[in-house]
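Worksheet: one structure, shown below.
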């Protein structure tokens, strides 16, 4: 029997630390491989879609996100696989990526956004995989603001 595989979509934000820790724990308990998939906009999308927020258009922001993900990976007790996928059409290209990299479960954070909207809302029912939404805490941001 093949080793189960869990994919966790990441943005490269500090608040994803807890989500990554939980996903790692789940993968360990299930004896599954954990794949961290960092979705980014292609350079064409970053160049052509002026309505994107600056942090989504910036190549520098993408590099900073990759660096943060590397730091998060270093905190894990077991190895994980990391991949970065630059996309023009997130649903189509993620569906193709999953077809080439079969998995049992796709995890994504409740705060993960794409093109100004919820990535979970965009993907739910559109991909041939079970999707679980990981509810991420807002308390750190509220403490910083309040």
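The values are calculated or read from the model by the stated rules, or taken from the named source; none is laboratory data. Please read all numbers here as calculations on a predicted model, not as lab measurements. For neighbour counting, all protein chains shown are included, and Cβ atoms are generated from backbone atoms with ideal geometry for every residue, glycine included.
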For the list (1) under 14 Å from the mean Cα position of the chain (by Cα); (2) at pLDDT below 85, I need the number of the one condition that residue 130 fails.
(1)
Would you check which residues across the stretch 20-36 are touching a strand residue (DSSP E or B) at 6+ places or on another chain (Cβ under 8 Å) and over 20 Å from residue 2 (Cα atoms) and list them?
20, 22
